[in-house]
Structure formats: structure tokens, C-alpha cells
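Working notes, structure below.
The values are calculated or read from the model by the stated rules, or taken from the named source; none is laboratory data. Predicted model, so just to flag it, every value in this text is computed and none were measured. Here the Cβ positions follow ideal geometry from the backbone for every residue, glycine too, while neighbour counts run over all protein chains shown.
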């Protein structure tokens, strides 16, 4: 990744299927059937959106009453296993927690796999209503302890979990795995800079690309008219390319195709909302127990800036039941990593570091005892 283009991992967890197409490495942590617990495919309704969502509920045993967590995936359309880069992180953590006495509900994002709806028209606020619907569904199940329903959100899921918790009395606790603490435009600028630096991109290239991205983000934050925004984005991208003739466009693309792709990427409901959204006011409303974990080598939700903002927000909220930890050597997916770069994700055998899994389980045990 010697050249930094505008699409810069614009999703908190991008679609890394391109890395995994010809890579079928060993995934030693993935569970194999038959599972030593009860697993049931379920469907529940988001009445507000008028859609049905499909997922899997795993219970330590078929009979009993159990504390439960709902898994919330990162950005981009994800299936119930949060499948990406040849990994199935949510399958692994569901298996781990269920074996340790905790029920888990994971579900396909709207418009993905077996869930209904249109993901491309959804913002984080819309996705939060899907989580609220999952809570409502769990409360109808006799096997679920309705006083011990928690949320585990990864990346954008770590943004959505506080949204739901701030407005619901039915959430007992939340876990933010690489969740954001700063506004979206700042996340993307830092993300671009850190990935470029670790990739060996020249300082001048980083500076020029960041300057262009700042301009794009400012346009998105100030422009509410879609047609006008598209025209402004096109004009600025054309100007950038004319002023930077050595900039390398993705292989096989014409300049027009490249510009069209950037506009398509940035001019979406999700991206416009994310760039403008500041998670701090929501975090300041969260009063329930919270665990916040970040990988020390996370280049997408960088620990320094995000953990500092999260800590400050919870201090202002006077929430005293907050645990915040940076886990050394782990990347955005909580794998032990050499560089933290996204192109390592599919190459690493490990799906989740045992250190992260133990941190999650030990903290959960304190909340459900």
C-alpha cells in the first residue's frame, strides 16, 4: 500500500473479501459441529423499520435461564458471524461465551444474508433500532434473564451500543471493542495517516491526501443538498488530480471511474452521518457498567485518541463502573499483529487473541454474578 487513495478504509471495518478470495488459511479457533450447547436459528421483527432480521441464538443448555449478550457488528454489511478477511469473529466469540455459561444472540445486518431491509439506506441510528428489536425479542424468551441483557459492539458496533444503552432501560451493561470516541471525520483522517505511515508512504503524499480529505469532509459536513454535494466533490477531486499528476489511480480505472467511485463512497447516508457524528454526547449519558478495549496496534480506531476521549466522556458522566484497557500488540480485529495493517488480517491464523477473550469473559462474570 504505497499509494494512499481516497477510499482509505472508509468503513471502520472495511470489506476485506478482496484479501481472502484466494487465501484459505487454517482457522484453528472456529468451532466445529456438533456444538456442546444449544443453537437455534431465529427471526425477529423490527416493527419500526417493517423488516425481519435473521440470526442465531446460542444457549449453554436448552433449558434454563441465562444472562445474554447481543453482538453488534462493525461497519459495512456483515453477516451474523461478522465474516471478513477469511475470519468469523462473532462465531468464535459466541462459541467461547456460550461454553462459559452466557447466551449469545448474533444476527445478519439488515439487507445481508437472511435479513430483510436495505443496508445502503441505513445510518447508525437505523442500525441501532435493529439492536433494540433484538432486545425486545430476547425479552420474549423464557430462557433469557431479562435483567442481564448486555451489548458487545465491535468498531461501529461500539458506537451503536452506547446509542442503544443511553435510551434503553433494558441494557444492563455494554462492551466496546475498538469503539469510537471521536467524531467520524477525525477517525478517518487519523486512520488514513497512520495506515499510510506504517505502509511507508512518503510524508508529502500523506500531507496532500490529508489536505484533500479534509476538504471533502468539510463539504460533507456543511452541504445538505445531495446534487450540490456531488458537484462539489467532483470539482474538488478533479482539481486534486490535476494538481497531483503523479498520483496513481487504482489499476484499470480511468480518472472518471475513479472520481465516480469516490463520490459513490462518500455520498451515502451512512458516510454522511458517520463523518458528522460525535459519540461523546451519547457516551456522557451512559450510566451502566462499561468495558472498553482497544488493540495497541489498531490503525483504524487508534487507541491514543479514542480511549482518551472515551475516558473523558465517562468521567463527565460520573460513571464509576468503567474499565478501559489498551491491549498491546493487538490490531483492529484483536489479533496479535506485527504491524496492525489491514492487509495482515487474512494472513493471521488467529481470529481473536485469547487475551482479549479472557478480558471480556472475566469482566462479564463480574456483571452477571
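Can you confirm whether the range 169-192 contains a residue that is under 20 Å from residue 48 (Cβ atoms), surrounded by 18 or more Cβ atoms within 10 Å (Cβ to Cβ) and not assigned by TED's automatic domain parsing to the domain that holds residue 245?
So in the range 169-192, the residues under 20 Å from residue 48 (Cβ atoms) come out as 169-171.
In the following step, the residues that additionally are surrounded by 18 or more Cβ atoms within 10 Å (Cβ to Cβ) were identified as 171.
Next cut, not assigned by TED's automatic domain parsing to the domain that holds residue 245 only: 171.
Scanning the range 169-192, I find at least one residue that is under 20 Å from residue 48 (Cβ atoms), surrounded by 18 or more Cβ atoms within 10 Å (Cβ to Cβ) and not assigned by TED's automatic domain parsing to the domain that holds residue 245, so the answer is yes.
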Restricting the search to the range 267-290, which residues are surrounded by fewer than 18 Cβ atoms within 10 Å (Cβ to Cβ), more than 16 Å from the chain's Cα centre (by Cα) and more than 20 Å from residue 171 (Cβ to Cβ)? 267, 268, 269, 276
It is to be established whether one or more residues within the range 341-357 are touching a helix residue (DSSP H, G or I) at 6+ places or on another chain (Cβ under 7 Å), free of Cβ contacts under 8 Å to residues at least 40 places away in the same chain and either under 30 Å from residue 87 (Cα atoms) or assigned by TED's automatic domain parsing to the domain that holds residue 29 (or both). no
Would you mention how many residues in the range 32-66 are within 26 Å of the chain's Cα centre (by Cα), buried (at least 17 other Cβ atoms within 10 Å of the Cβ) and part of a loop (DSSP other than H, G, I, E, B)? 1
Qualifying position, being farther than 30 Å from residue 267 by Cβ and touching a helix residue (DSSP H, G or I) at 6+ places or on another chain (Cβ under 9 Å), among 135, 160, 206, 187: 135
From 102, 144, residue being surrounded by fewer than 23 Cβ atoms within 10 Å (Cβ to Cβ), over 30 Å from residue 266 (Cβ atoms) and in contact with a strand residue (DSSP E or B) (Cβ under 6 Å, 6 or more places away or on another chain): 144
Among (1) touching a strand residue (DSSP E or B) at 6+ places or on another chain (Cβ under 6 Å); (2) buried (at least 21 other Cβ atoms within 10 Å of the Cβ); (3) part of a loop (DSSP other than H, G, I, E, B), which single condition is residue 293 missing? (3)
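Assess whether residue 254 counts as being within 30 Å of residue 232 (Cα to Cα) and surrounded by fewer than 16 Cβ atoms within 10 Å (Cβ to Cβ).
Numbers: within 30 Å of residue 232 (Cα to Cα): yes; surrounded by fewer than 16 Cβ atoms within 10 Å (Cβ to Cβ): yes.
Yes; evaluated as a whole, the condition is true for this residue.
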When the residues of the range 214-246 are filtered to those that are under 30 Å from the mean Cα position of the chain (by Cα) and not in a helix (DSSP H, G or I), which remaining residue is nearest to residue 188 (Cα to Cα)? 223
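One residue is enough: does the range 315-322 have a residue meeting the conditions buried (at least 21 other Cβ atoms within 10 Å of the Cβ), assigned to a helix (DSSP H, G or I) and touching a helix residue (DSSP H, G or I) at 6+ places or on another chain (Cβ under 9 Å)? I'd like the intermediate steps shown before the answer.
Within the range 315-322, the subset buried (at least 21 other Cβ atoms within 10 Å of the Cβ) is none.
No.
In this structure, is residue 310 outside the structural domain of residue 159 (by TED's automatic domain parsing), buried (at least 19 other Cβ atoms within 10 Å of the Cβ) and either in a helix (DSSP H, G or I) or at negative phi (or both)? Steps first, answer last, please.
Values: outside the structural domain of residue 159 (by TED's automatic domain parsing): no; buried (at least 19 other Cβ atoms within 10 Å of the Cβ): yes; either in a helix (DSSP H, G or I) or at negative phi (or both): yes.
When the stated conditions are applied, residue 310 does not pass them.
Rundown of residues vs (1) in contact with a helix residue (DSSP H, G or I) (Cβ under 7 Å, 6 or more places away or on another chain); (2) in the same structural domain as residue 265 (by TED's automatic domain parsing); (3) in contact (Cβ under 8 Å) with a residue 60 or more places away in the chain; (4) surrounded by fewer than 17 Cβ atoms within 10 Å (Cβ to Cβ), yes/no style:
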{"site": "196", "(1), (2), (3), (4)": "yes, yes, yes, no"}
{"site": "211", "(1), (2), (3), (4)": "no, yes, no, yes"}
{"site": "218", "(1), (2), (3), (4)": "no, yes, no, yes"}
{"site": "225", "(1), (2), (3), (4)": "no, yes, no, yes"}
{"site": "232", "(1), (2), (3), (4)": "yes, yes, no, no"}
{"site": "238", "(1), (2), (3), (4)": "yes, yes, no, yes"}
For the range 159-171, check the following and say yes or no: at least one residue is free of Cβ contacts under 8 Å to residues at least 24 places away in the same chain, within 30 Å of residue 318 (Cα to Cα) and in a loop (DSSP other than H, G, I, E, B). yes
